[in-house]
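Student: Input: one structure, supplied below.
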Amino acid sequence: MKWKQERDLLIAQTMAFVQSVTEQSAFAETPAGPPAAGGSVNVPSPREVIASHPLVPFKQSDLRQEIQRRVALFRARQQLFERDRDEYCRAMLAKARAVTEQAAKVPEGPPIKR
C-alpha cells in the first residue's frame, strides 16, 4: 500500500507546483545571477538523508531548498550503492584469493591411475 501513498503524494506535489506556476511566473521570485561563491551546501550523512521524512508539497519560494535536498538525497543514495558495490567486490576478491592460496598450499600427489 505504500506505493499508493507515494503516488498520491506525488500527484499532490505536482498539482501544487502547477498551481503555483499558473498563479505567478516561475522566474518572479528567483534572484538573477549565479549563487554566491562562498555559499556551500552542508550535506548530511547518507543515512540521515535517506531516513528523512517523505516528500511533501512545497511553496515556490522553497524550490531551491527542495532541489538541494533532492540532490543531496540522490548523492547519498549513490554513495550507498558505491559502498555496497565496493564491499561486495572486496568480499569476492578475498574469497577468490583464499581459494587460490588454499589450492597453492595443497601438495600434489602422484597422478591417479584410472
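The values are calculated or read from the model by the stated rules, or taken from the named source; none is laboratory data. Small disclaimer: the values here were computed from a predicted structure and weren't measured. Virtual Cβ from ideal backbone geometry, glycine too; neighbours counted across all protein chains shown.
Student: Quick one: how many residues across segment 4-35 are of a type in the set (A, V, I, L, M, F, W, C), at pLDDT 85 or above and loosely packed, with under 11 Cβ neighbours inside 10 Å?
Tutor: Counting residues in segment 4-35 that are of a type in the set (A, V, I, L, M, F, W, C), at pLDDT 85 or above and loosely packed, with under 11 Cβ neighbours inside 10 Å gives 1.
Student: Among the residues of segment 77-92, are any closer than 30 Å to Ser20 by Cα, in a helix (DSSP H, G or I) and in contact (Cβ under 8 Å) with a residue 12 or more places away in the chain?
Tutor: yes
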